[in-house]
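Below is one structure, written out as C-alpha cells; comments come after it.
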Amino acid sequence: MHTRFVLTPTTAQPYPLYIESIGHHEDQEKLIRTAGLPSYHWLQTYAGEGEFELHGKKIRLTPGMGVLMLPDVPHAYYAITETWCTQYVTFGGHCVQSILSTLDMLVSSVYRWDEDGPLHHAVGHMLNNLKTREDYSGYDASADLYHFLIQIKKHAQTNNRTSIRNQMLHLQPLTEWLEGHYPNPDTGIEQMAAVLRVTPRHLNTLCQHAFGLSPYAYLIMMRLRKSKEILLSDRQRSIKDIAVNVGFRDASHFIASFRKHIGYTPERFRELN
C-alpha cells in the first residue's frame with residue numbers, strides 16, 4: 001500500500017517552506033534517478049531494510065536511518081529485505097536554503113537516530129494531520145515541516161557527530177553545576193571543563209555544537225538571565241548589588257554586557273517591564 005499526498009502551493013502564498021509530496025510506502029520499489037529530483041527530498045526507513053546509492057557509495061538504510069538529499073543529486077534506492085517500508089517528504093520554499101544553512105543541513109547526508117525517539121514517527125504525524133484535519137492548510141504544513149527539520153537537527157546525528165539531544169545530556173552536569181556557581185566571578189572555563197572531566201578545548205566544541213555559544217558566553221547569558229529575574233522581582237534592589245549577586249565583578253561590566261545582549265541598560269529594561 002502506498003499512501004501519498006501531493007500539495008500544490010500557490011504563487012499567491014509564497015510559503016517560506018512548503019511540502020510538495022509526502023507519503024508512506026509499505027513495499028518500496030526500486031527507483032533510479034540519474035538526475036535526482038528538482039526539490040529537496042527526505043527518505044527514511046520505517047521497517048525492513050533498503051540500500052541507498054549516493055555519491056558512488058552504498059548505504060544500508062535500517063529503521064532509525066534516513067537520507068536528506070538536495071535538489072538534482074543523482075541517487076538510487078531499493079529493498080534488500082523481502083519488504084522495505086519507507087516514508088518520504090519532498091519540499092521547497094522561498095527560505096528553504098537559508099533555513100537548512102542555519103541548521104547546518106545544507107548538504108546531502110545520511111542521518112541516524114534512536115528508534116524509540118520522536119523522529120521515527122514525525123512523518124507519520126504529518127500524514128495523520130493531512131488525513132484527519134479538514135482545516136489543515138498550507139500554513140499548517142509549512143509549520144509542520146519546519147518542526148520536522150528541527151526534530152532532525154535535534155535528535156539525529158550525521159558524520160559520526162552526536163545529536164544535539166545527546167550533547168545536551170552530556171552537558172547537563174555542567175548546566176546543573178553552574179546553577180550554583182554562576183554568582184562566583186572566578187568561575188571560568190577551567191573549572192567548567194573540570195566538572196565534565198574534559199579539556200577546555202573539548203568543552204568549547206561541545207558548547208558550540210549544543211548552544212552555538214562558547215562556554216564563557218553561555219555563562220554570561222545565564223548571569224544576564226538571572227539578573228533580569230532579579231530586576232523584575234526586586235525593583236528596589238540597586239544595579240550594583242544585582243551585578244555582584246549574579247557574578248559580575250563591577251556594575252560597569254554588567255551594564256555594558258546587558259546593553260550589548262539585551263539592547264537596553266538594566267535600568268531601562270526595568271522601566272519597560
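The values are calculated or read from the model by the stated rules, or taken from the named source; none is laboratory data. Please read these numbers as outputs of a predicted model, since none were measured by experiment. Every residue, glycine as well, gets a Cβ built from its backbone with ideal geometry; the counts of neighbours run over all protein chains shown. Heads up: the accessible areas ignore ligands, DNA and RNA and are worked out on the full protein's heavy atoms, side chains in. Shrake-Rupley method; radii C 1.70, N 1.55, O 1.52, S 1.80 Å.
Within a Cβ distance under 12 Å of LEU203, other residues only, what is the Lys/Arg minus Asp/Glu net charge? Net charge around LEU203: +1. Overall, the accessible surface of segment 75-117 at a probe of 1.4 angstrom is composed of carbon and sulfur to the extent of 46 percent. The phi torsions of segment 17-30, fed into the Karplus equation with coefficients 6.51, -1.76 and 1.60 and a -60° offset, translate into couplings of 9, 8, 8, 8, 8, 8, x, 10, 10, 6, 9, 5, 7, 6 Hz, rounded to whole numbers, with Gly and Pro shown as x.
For trypsin sites (Lys or Arg not before Pro), the sites in segment 94-203 that DSSP calls loop and that have at most 12 other Cβ atoms within 10 Å are ARG133, ARG161, ARG197. Between segment 214-273 and segment 1-71, the alpha-carbon centres lie 48 Å apart. Here, the chain has an Rg and a Dmax of 23.7, 72 Å when only alpha carbons are counted.
A simple rule links phi to the HN-Hα coupling: the Karplus curve 6.51 cos²θ - 1.76 cosθ + 1.60 with θ = phi - 60°, which for segment 256-273 gives 5, 5, 4, 5, 5, 8, 9, x, 9, 6, x, 4, 5, 4, 5, 4, 6, 10 Hz, with x for Gly and Pro. Probing with 1.4 Å while keeping every protein chain in the model, the per residue accessible area of the chain equals 53 Å². The H on the amide N of GLY93, modeled in the peptide plane, is under 5 Å from the matching H of TYR18, each at least 5 residues off or on a different chain.
Remark on segment 147-268: ratio of C-alpha radius of gyration to 2.2 N^0.38 Å is 1.20. Charge tally for TRP84 (other residues, Cβ to Cβ under 14 Å; Lys, Arg +1; Asp, Glu -1): -4. Take the alpha carbon gyration tensor of segment 74-159, find the square roots of its eigenvalues, order them as a ≥ b ≥ c, and report rounded if a/c is under 1.5; if not, report prolate when a/b exceeds b/c, else oblate. It is oblate, given that a/c is not under 1.5 and a/b is not larger than b/c.
Would you mind computing the Rg to Rh ratio of segment 1-113 from its alpha-carbon coordinates, Kirkwood style for Rh? When Rh is taken as the Kirkwood radius, the ratio is 0.97.
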